[in-house]
Amino acid sequence: MSWGGEHGVRISLSAVVMALHSGRLCALTTETAEGELALPSGPFDPANDRTFELALRAFVTAQTGFKLGFVEQLYTFGDAGRDAPRATPGPDQLREISVGYLALTSDAVDMTPPGARWTGVLELFPWEDRRGGGRAALDTIMLCLSRWAAGDARRKARIDALFPSEASQRWDEARVLERFELLYETGLVAEAVRDRDDARLIDLGDRPMASDHRRILATGLGRLRSKLRYRPVLFELAPETFTLSELQAAAEAVVALSLHKQNFRRGVERTGLVAPTGCLSTGTGGRPAELFRYTGAANADGQAPGLALPALR
């Protein structure tokens, strides 16, 4: 279905569904007919779909077997002059407008439909891992970016803000999309090679995605990381009961940073967001640890606070 006369558009809906699976932050993915990794998505049909959200839920369930809980709209992607999302195939060549949504779940069950799986987000953005796992990708990126910025103060300042190399400079874990956009602009990711003639493939150990799906996923990851600090979204990924070590491991999986254990625990306790259950965990492999639960406590403005994330230097 198109709008806009001769130069119509098609609206597609994409879901960024995130969960903790096998200790990793993962996104629910599918495969296109061409075998490309993709987010659950599909076209919105204004003649038959009552709302964007209902259509999105139907796409996700049909493609993955997963039933969405709460979702929030992320962003609408349709920049003029950007080659992805590309025009739809066929004689109409409709311009594609993508509406992205974010959903979190603690129920990361294995998927049964062909191609559906939980994919680790650091497989897609290895440079986002500041615990050492993304070192090779980051070294390659910094070498290429330094050449790109040679003699250009504005480019160098942009690189320094997004990929700080000095220990005294803070890594902003929420700027995932800006980092991916910089790598696309400089031709360092596979999507740039696909969309442009002036880019060549650089091996960063990452995985590309169909159309603009990695850009949408980067937006979702950045939104999740940002919200950790002002809303208790981490508990939407956590099981009903957990140890404080498990909660810290969950936070580290999301931000891909190593957190200071004592400061993290003190920060959690100050929020009043958790309460002891009176039970002990026997699955820690060592001395039984106390189990906690999320209390849903609210602050003065009626909102539950986020968590402090004291990163190790």
Helices (runs of 4 or more DSSP H) (entirely within region 148-232) containing at least 1 residues that are hydroxyl-bearing (Ser, Thr, Tyr) and more than 16 Å from residue 121 (Cβ to Cβ): 176-185
Residue in region 8-29 that is in a loop (DSSP other than H, G, I, E, B), farther than 22 Å from residue 108 by Cα and either of a type outside the set (Lys, Arg) or at pLDDT below 90 (or both) present: yes
Matching residues, region 180-203, being in contact with a helix residue (DSSP H, G or I) (Cβ under 8 Å, 6 or more places away or on another chain) and surrounded by fewer than 21 Cβ atoms within 10 Å (Cβ to Cβ): 181, 185, 186, 187, 199, 200, 201, 202, 203
Among residues of region 208-235, those that are among the basic types (Lys, Arg) and surrounded by fewer than 17 Cβ atoms within 10 Å (Cβ to Cβ), counted: 2
In region 216-233, the residues that are modelled with pLDDT of 95 or more and touching a helix residue (DSSP H, G or I) at 6+ places or on another chain (Cβ under 7 Å): 217, 218, 219, 221, 222, 224, 225
Failed condition for residue 175, given (1) within 16 Å of the chain's Cα centre (by Cα); (2) farther than 17 Å from residue 214 by Cβ: (2)
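The values are calculated or read from the model by the stated rules, or taken from the named source; none is laboratory data. Here the structure is a predicted model, which means the values were calculated and not measured. Please note: Cβ atoms are built from the backbone with ideal geometry, for glycine as well, and neighbour counts cover all protein chains shown.
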